[in-house]
Amino acid sequence: MTDSTLPALPDHLSIDPRSPHHVAAVFAHDIGIRFNDKDRSDVEEYCISEGWIKVPAAKTLDRKGRPLLIKLKGRVEVFYR
């Protein structure tokens, strides 16, 4: 693929379709997230400018049955694989 066919990666992205930060066109391609120089595959939401990611907290669920998320702060890099 060339870079012209890929949509620009947003500053704030969520995998939850109900979120206002969900961009379906980005998920048509494989993206990677590097947090503090370590590749992560369990990221539910990220914000590059504020420097945080949200990941599930083990197997804990909230009252609606969705994974309970914790926010980790650090350096966030997002890229297409």
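Structure values in brief
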| quantity | calculated |
| --- | --- |
| Check on K59, surrounded by 10 or more Cβ atoms within 10 Å (Cβ to Cβ), assigned to a strand (DSSP E or B) and not acidic (D, E) | no |
| Residue match in the stretch 67-75 (condition: modelled with pLDDT of 95 or more, under 12 Å from the mean Cα position of the chain (by Cα) and not hydrophobic (A, V, I, L, M, F, W, C)) | yes |
| The stretch 15-59: number of residues that are of a type outside the set (D, E, K, R) and touching a residue at least 40 places away in the same chain (Cβ under 8 Å) | 5 |
| Top-ranked residue of the stretch 1-49 - restricted to ones that are outside any strand (DSSP E or B) and among the charged types (D, E, K, R), ranked as farthest from the chain's Cα centre (by Cα) | D3 |
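The values are calculated or read from the model by the stated rules, or taken from the named source; none is laboratory data. Keep in mind the model is a prediction, meaning the values are calculated, not measured. Every residue, glycine among them, receives a Cβ derived from its backbone with ideal geometry; neighbour counts consider all protein chains shown.
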